[in-house]
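What follows is a set of notes on a single structure, which appears directly below.
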Amino acid sequence: MQEGFILKLIFLKTSLFSGLFIMSLDSWISGTDSIRKETKNPYSGGCIFVIGILAFGVFGSIASLFFGVLFLTGEDKLFPGFGFFFCISLVTIFIITMRSYRKASHIIKTIEIQTNTSLLSLRETGKSDVELPLSEFISYMILFRAERSSSTGTSINTNSTWKYWDLYLVYRDGSCILLETFRDGNSLKQGLEFFRTKLPLPVLDRSDLRLTNPESKDIPHKQDPKKIEPSSWVRTESKDQGTKIEIIEPKSIGRTFITLLVPALFYGAWFTVVNSFLENFENMIFLIFLIPFSIFFLGITTVMTVFILFRKTEVVANSLELKLRYSTRIPILNSLLYKERSIPLSSIRNVRTIRMEQDNQILCVALKSSNGFKQRTFLDFLYNVQGVNLSAKQLPGDVELLGIITLGSWLPKGPGYSDLVYAENVLESFLNLKEESLTFSDLTSSTKK
């Protein structure tokens, strides 16, 4: 979704943004029969909001005034005109994005482990609850990741890199739910001890801490989870002797404006640079820089515009296969950029939902055989550029883990995690899929990290 993409693009490389996703055990509320954590929208206020206002409001206003004066008083109109347009556009995008997140300031996400009912409950304001039996979780899983940071010189930032240890719960079908994130090994060990007192599952460590522990206790099944109710954002219809399932993205004037404005900024920047080259065309050496710059810049711009802002995925399931149809929302390009992939039922291992770091929520299909398919064409590469790395979530026995629907989060309206789980159930039903039920032994059967 555009709002989430723009905001994360702005703050992703800052230490402040990274710190937003670091929770602590202090955020967990312990009761007699449960432990739970409530998370409020991190974008709706606080430091990000203040820094955004200072950076975009103050800087953008000053820069807009500067370029505006140059545009009105100078002989050259193109460069100061684009500079004015660029600054005003950045401020506008920020205002639209932050306004959207401010509207979602009331949203609270809750994850609760209930020992009295033996259920894991996932709740989000305005969305349907998701309940999963604790007895069907097979393991904790520890994953390590590192992100580049723009800040240096602190005790927790070594070589300008932030280090994280993510603690996941793994469901019997391979679905993963991020439980907590830690900044060091000692905190992780304390966290494991805390969680295993309530949920004594084995531990699979795929990091460098060697904390794998097969010890566990039987968890009884006490209560059936409630049925997930579909929201208005999920649509199913008959198509091509199967069932098409679609998760609708909310529409708004702001989203449409951003979709049009972002390409205009990039193509406008290219036109401004090219014009400056042409003004000095008598010096042919500029062609050495102009041609590769244009190919590279326009290539990146087109990929971002078409395959991030306008990409569309259609999912159709029947009793024989799963069809994924990739296209764009630009009709004139569909004949060139249309791509269809058919996955036979015999190649599908599981359909999974993953709640992972940085608020990413993804519906995936895990394949146990590639059926001769090789992802080597240009379109295959482009349509699988998600900005979300799923390789660490691939489990032993998975030949491929393919993300098919990715959702944003912390938006005032739109689909949520419960809609992904509902879509997962619908796909399994129409495929008549008999999923592999994984065990802890299956997870440890490979030394792959």
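The values are calculated or read from the model by the stated rules, or taken from the named source; none is laboratory data. Computed from a prediction, not measured in an experiment: that's the story for all the values here. FYI the Cβ positions are ideal-geometry reconstructions off the backbone, even for glycines, and counts take in every protein chain you see. Protein only, heavy atoms only, side chains kept; ligands, DNA and RNA dropped before computing areas. Shrake-Rupley method; radii C 1.70, N 1.55, O 1.52, S 1.80 Å.
With an 8 Å Cα cut-off and a minimum separation of 6 or more residues, compute the relative contact order for region 228-448 in percent.
On the way: 289 pairs, mean separation 48.5, N = 221.
RCO, region 228-448: 22 percent.
Can you bin every Cα-Cα distance in region 228-448 into 5 Å intervals starting at zero and give me the percent of pairs per bin, rounded to whole numbers?
Reading upward from the zero bin: 1, 6, 11, 15, 17, 15, 11, 8, 6, 4, 3, 2, 1, 0, 0.
At a 1.4 Å probe, what is the % contribution of carbon and sulfur to the accessible area of region 228-448?
On region 228-448, the fraction of accessible area on carbon and sulfur atoms equals 59 percent.
Per 0.36 nm of contour for each residue apart, how much would the distance between Glu215 and Thr302 grow if the chain were fully extended, relative to their Cα-Cα spacing?
Extra length from Glu215 to Thr302 when fully extended: 26.2 nm.
Checking the cross-link filter: which lysines have an alpha carbon closer than 24 Å to that of Lys339, excluding same-chain neighbours under 8 positions apart?
Lys239, Lys244, Lys312, Lys323, Lys368, Lys374
Of all the C-alpha pairs in region 42-105, what % are more than 13 Å from each other?
Value for region 42-105: 63 percent of Cα pairs lie more than 13 Å apart.
Trp165: net charge of surrounding residues, Cβ under 12 Å, Lys/Arg +1, Asp/Glu -1, itself excluded?
Cβ neighbours under 12 Å give a net charge of -1.
Rounded to the nearest whole Å², what accessible area per residue is found for region 77-147 with the 1.4 Å probe?
Computed with neighbouring chains in place, this is 37 Å² per residue.
Could you do me a favour and compute the accessible area per residue for region 228-448, 1.4 Å probe, result in Å²?
Each residue of region 228-448 exposes 49 Å² on average to a 1.4 Å probe.
Of all the accessible heavy-atom surface of region 57-104, with the other protein chains kept in place and a 1.4 Å probe, what percent is carbon and sulfur?
Summing carbon and sulfur atoms, their accessible area is 78 percent of the total for region 57-104.
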